[in-house]
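Student: Structure incoming, see below.
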Amino acid sequence: MEMRVAAASSLSVRLLARALAAGGAILPVFFAASLALAQSPLSNELSVPLAADDSGPASLREAGVQLADYEANAKDAADLRTRAVLAWRTPVADYPAGSAALVALAGEAASSDDPVVLMLLATGCDVDRSPCDALQFARRWTGIDPQNAAAWLTVWAIASRIGDTPSAEASLVEVASSPEWHDYTRELNAALTGVVPDTAPLLVRLSARLQAIPRVVAIDNAEYREALPLCRLEAKRDTCLALADLLARSPTSLLELTVAASLAQRFGAEPAVVKERRQRIEAYQWALARRQPRGLRSDQLETDAPAAIAYFDHLQSRGEIEEAKTILAEMHLSESQAALRYEKERDASRAGHAPESGGGLRLPGR
């Protein structure tokens, strides 16, 4: 499948913002790292070595076929985390029925101490069907990662669905008091891209990175979407806003910060709080756009593959927020100053003038 990265990702973020503002479900979103992939400059310092023999596929379509072969082999030989992330399927209802591949891993995963594996089983299994029992894995996840609000929120959602009110109420206490939120974005991405070795053809390596984007975010959204039914309960408004504050306190990605801003706006936070989070997103998006690849349209990705791979790997190693803060520090700009530049470029674009760099996040209320 050929990837139209910039158009798809920008649309996904607009849909996410619109859905959250309306109180709808959180939709799959691409990493903000890819939002301006087709329009912005890449630092000349980033480079990626070619494989020794790069006489591989000539297009991303062909590369996708070869990537499927690498993944098929990994399903048999890789570690449990990789096999679990490859077995996970995007939910089509409240929870998926659990793919046959995921059910097959349940016995092995039941004794796992890997929180990523437990999260995948908790969000990918049936609510109460053995051996792939979502609640069983969610509870084990909280035991391994007890300070993670995402784990407790998942327990709340499952317990609520099956009418286990005591477990649901007890888990909400933990959601409100948990000091951390981990969605394991970087770990999931590493598991998916690690299926393809550095010796693989260049376009297969690029295809792995591109296809990992929507897959990882779909998995993460199985956690984020649980906030919406919670926040619709007026009696739980304080817990909802506490969760939004947690996401905003030390985010690792623009997706986390976007969810924090959207929940705050939709469910009654002070306008100043919503504005501050918007400005941070604008500032970080503007900063990241300084180093994103320029001119990588869908029909040019094959020729610009080294730059695209280098960019994704660099951002994966640093993290979006950390990289954005570093860029702003190097430019001696505050977040408020960067947000003003973002807004100036956005307004120029709306007026029909070409902005300095690519488009950014469309935020709720914008």
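All of the numbers you see were taken from the coordinates with simple rules; none came from a lab. Note that the structure is a prediction, hence the values are computed from the model and not measured. Methodologically, a virtual Cβ is constructed for each residue, glycine included, from the backbone with ideal geometry; neighbour enumeration extends over all protein chains shown.
Student: List, in order, the whole-Hz ³J(HN,Hα) value for each residue of the range 215-230 obtained from phi through the Karplus relation with A = 6.51, B = -1.76, C = 1.60 and θ = phi - 60°; use x for Gly and Pro.
Tutor: 5, 5, 5, 4, 5, 4, 5, 5, 8, 4, 5, 5, 5, 5, x, 5
Student: Also: Report, by chain and number, residues whose modeled amide H sits under 5 Å from the one on Glu180, excluding near sequence neighbours (fewer than 5 apart, same chain).
Tutor: HN-HN under 5 Å from Glu180: Ala149.
Student: Read phi for every residue in the range 175-182 and hand back ³J(HN,Hα) as whole Hz from Karplus 6.51 cos²θ - 1.76 cosθ + 1.60, θ = phi - 60°, with x for Gly and Pro.
Tutor: 4, 5, 10, 5, x, 9, 9, 10
Student: Give the distance, in whole Å, between the Cα centre of the range 128-158 and the Cα centre of the range 256-280.
Tutor: The two parts, judged by their Cα centres, are 27 Å apart.
Student: Among 198-205, 277-284, 80-87, how do they line up by average Cβ neighbours within 10 Å per residue, starting with the highest?
Tutor: Per-residue Cβ counts within 10 Å, averaged per peptide and sorted highest first, yield 277-284, 80-87, 198-205.
Student: Please work out how much length the chain gains when fully extended from Leu80 to Arg237, using 0.36 nm per residue of separation minus the C-alpha to C-alpha distance, in nm with one decimal.
Tutor: 52.7 nm
Student: Once you place label points 7 Å from the Cα toward the Cβ at Ala110 and Gln147, how far apart are they in nm?
Tutor: 3.1
Student: What FRET efficiency would be calculated for the residue pair Ser177, Thr303, taking the C-beta separation as r and a Förster radius of 56 Å, to the nearest 0.05?
Tutor: 0.60
Student: Under the 0.36 nm per residue contour assumption, what length would be gained going from the current alpha-carbon distance of Thr326 and Thr165 to full extension?
Tutor: Here the segment from Thr326 to Thr165 would lengthen by 53.4 nm.
Student: Among the lysines, which have Cα under 25 Å from the Cα of Lys325 when same-chain residues fewer than 8 positions away are ignored?
Tutor: Lys275, Lys344
Student: Can you list the HN-Hα couplings for the range 189-199, worked out from phi with the Karplus curve (6.51, -1.76, 1.60; θ = phi - 60°), rounded to whole Hz and with x for Gly and Pro?
Tutor: Once θ is set to phi - 60°, the couplings for the range 189-199 become 4, 4, 5, 6, 6, x, 4, 9, x, 5, 8 Hz.
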